[in-house]
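> Take a look at the following structure, please.
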Amino acid sequence: MLKTPFHKVAITGVGVVSPVGIGRKEFFDSLAAGKSGVGLITRFDTCGFPFKVAGEVKKFSREDYFDKKESNNLPLYILYAVAAGKLALYDAGLDPGYYETRRIGIFGGNGAGGFDVAEQAVERRILKNTSKLSPYFVPHFLPNMAVGTMSIYLGIKGPVLTCTSACAAGANAIGEAYLRIKYGEMDCCIAGGTESVITPVFLSGLNSMKALSKNKDPKTASRPFDRERDGFVPAEGSAFLVLENMNKALERGVKPLAEILGYSVLSEGYHIAAPEPEGKGMAAVMEAALESCRLKPDKIDYINAHGTSTVLNDKYETTAVKKVFGSHSKKIHISSTKSMTGHLLGAAGALEAAACVLSLENQIVFPTINLNNPDPDCDLDYVPNKSKKAKLDYVMSNSFGFGGINTCLIFKKYS
C-alpha cells in the first residue's frame, strides 16, 4: 500500500475585523497593550434588557472594501468576512490566481448566519402584516453565504465550505482546511470565521440560558478565571487566515508567519450547553490534538484558552489542562483574549487562531485582563492584566461549542 505524503501547512496571511481593531497591526497592538474592545451596546436600545455591553466592531468603513452601491444590501457578517478575507490575502501578498482554480478554496465558520436578517424580516412581517420581503432575505440568511460571497469578491472558484458548529465553527473551518492541504487535496485555503448577532432576540436567547454577563461596566464585564465572573460578553467580527502548502509558499518567496501542526474535533455527547463534568471532553480533545502531531504535552508553551468568563467553562477548562499536562500545567502560559475582544461566537476560534499566530511571530503572550480576584479553582498562570515576552515554540488554541463540540488547534513557530 502506498503511503500518502503529508505536507506541512504554513500560515502566510492574517485578516482581522474585530472589536479591538481592524487589520493585523491594530489587532496585535491592542492585544499586546491589554486594550478592551467591549463597550455599551449601540445597535439597539437596551432599556428593559438586563444585558448592556458587547464587543462591537468600531470604525468599519464599507467603502474601504466595496463599492458603496454593492455593499448596501449585505449584512454585517458577510461584510466582515469579505473584508477579513481581502485583508488576509493582502497580508499574504497573494493573488488567488497564483493557484490552479481547483486547488484553492475558502473554508468559513459561523454560528448563526444572518440571524439579524431573519429577525428584521419577522419584525416586518408581524408589524406590517405583509408577505412582501426583500428578495435578499433568504440568500443573506443562509450561513454559507458569507463564504459564497467571499468567493465572488475574491475570485476563488475552488471548494467553498461552511462549518456551523457554534462557538467552535471558526476553529473547525481552519482545521478542516488544514487537513485538505496536509493530505495534498489542495494547495491553499482562506479559512476562518465570521459572526454578527448583536440583536435583541439573539441576545435575549443567550440571556435566557444564563450565559451572558449582567455586569453593566464595559471595562470589567469580561473577566475570565476571576472569582467575580458572571457570564460572557457577546461580540462580533471576523478573522481569516491564508493557509498554504509550505513548499508552495516558500516557492513564491513568502516567509510563513507560523505552521499549523495539529487539529482535533470531538463531541462530548453530554449536554447541549453545559460542559462535561471535570472537563473530560475538553481534556480528550487536547490529548487528541497532541496525538495528531505526535507532540509531547511538555512541548506546549502557551494555551489560548476558550476562557469564556462563565463559571463552569473556566473551572473545567482549568481542570482539563491539569489532566492533560500534569505538572507541566504550572509552566504553561494561559490566557483568554476574550477578556479583551468579548466572545465572537462562531468567529471566536478563528480570531483566537489569529492571536496564536501573532503570539508565535512576536514571541509574546497576550494577557487576561480584568483578572484581579483569581478564582481558587482557577490556579494556573493566566497572565493577568499585562502581556509578557516569552519563548514560544508551540501554542494551543481551544474552542468549545454548544452541542458539546470541542476543537483544538496546535501551532508551531516557523523556523
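> Based on DSSP H runs of at least 4 residues, each adding -39500 (n - 2.57), what is the mean residue ellipticity at 222 nm of the chain after dividing by all its residues, to the nearest 500 deg cm²/dmol?
Values: 13 runs with 135 residues, N = 415.
The helix-only estimate for the chain comes to -9500 deg cm²/dmol at 222 nm.
> Within the range 12-30, list the residues whose amide N lies under 18 Å from a label point set 7 Å along Cα→Cβ of Phe49.
Counting backbone N atoms under 18 Å from the label point, the list is 19.
> By average Cβ neighbour count within 10 Å, what is the ranking of 72-80, 32-40 from highest down? Mind showing how you got there, number by number?
Details: 72-80: 22.0, 32-40: 18.8.
Listed from highest to lowest mean packing, they are 72-80, 32-40.
> Right, here's the next one. Sort 393-399, 115-121, 193-199 by the packing proxy (mean of other Cβ within 10 Å over each peptide's residues), most packed first. Don't jump to the answer; show the numbers that get you there.
On the way: 393-399: 25.3, 115-121: 19.6, 193-199: 30.1.
In descending order of packing, they fall as 193-199, 393-399, 115-121.
> In nm, to one decimal, how far is the modelled label at Gln363 from the one at Ser415, with both set 7 Å along Cα→Cβ?
So the label points at Gln363 and Ser415 sit 1.1 nm apart.
> Using a Förster distance of 35 Å, how high is the FRET efficiency between Glu26 and Lys132, based on the Cβ-Cβ distance and rounded to 0.05? Intermediate results must be reported in sequence, preceding the final value.
Working: r = 42 Å, r/R0 = 1.19.
With R0 = 35 Å, the Cβ-Cβ based efficiency is 0.25.
> What residues qualify as long-range amide H neighbours of Glu236, i.e. H under 5 Å apart, gap of 5 or more or another chain, H built at 1.01 Å from N?
Close amide H contacts, sequence-distant or interchain: Gly55, Val57.
> Calculate the FRET efficiency for Ile152 and Ser61 from the Cβ-Cβ distance with a Förster distance of 25 Å, rounded to the nearest 0.05. Could you put the intermediate results ahead of the total?
On the way: r = 20 Å, r/R0 = 0.81.
The calculated FRET efficiency here is 0.80.
> Please list, ordered by chain and number, the residues whose modelled amide H lies under 5 Å from the amide H of Ala273; skip anything fewer than 5 residues away on the same chain.
It is Gly403, by chain and number.
> Over the Cα atoms of the range 262-412, compute the convex hull volume and normalise it per residue, giving Å³. Walk me through the numbers on the way to the answer.
On the way: hull volume 14.0 nm³, N = 151.
Measuring per residue, one finds 93 Å³ for the Cα hull of the range 262-412.
> Also, quick follow-up: Sorting check: for 291-299, 364-372, 336-344, which peptide has the highest mean count of neighbouring beta carbons within 10 Å, and how do the rest follow? The partial results should precede the final answer.
On the way: 291-299: 13.7, 364-372: 24.1, 336-344: 30.4.
Going by the mean number of other Cβ atoms within 10 Å, highest first, we get 336-344, 364-372, 291-299.
> Name the long-range amide H neighbours of Ile41: under 5 Å, sequence gap of 5 or more, or other chain; modelled H, no Pro or chain starts.
Sorted by chain and number, the residues that satisfy this are Val53, Ala54.
> If you don't mind, another one. For the pair Lys69/Ala33, report the inter-label distance in nm, with labels modelled 7 Å from Cα in the Cβ direction.
With each label point 7 Å from Cα toward Cβ, the separation is 4.0 nm.
> Report the paramagnetic label zone for Ser267: residues of the range 399-414 whose backbone N is under 19 Å from a point 7 Å from Cα along the Cα-to-Cβ axis.
Under 19 Å, as judged by backbone N against the label point of Ser267, lie 399-408 of the range 399-414.
> Here's another thing I want to ask about it. Could you point to the label whose value was computed as Kirkwood radius over Cα pairs in Å for the structure here, given [x] 23.1; [y] 21.0; [z] 22.2?
[y]
Every number in this text was worked out from the coordinates using simple rules, so none of it is lab data. The structure presented is a predicted model; accordingly, all values stated were derived computationally and were not measured. With ideal geometry, Cβ positions are generated from the backbone for all residues, glycine too; neighbour counts draw on all protein chains shown.
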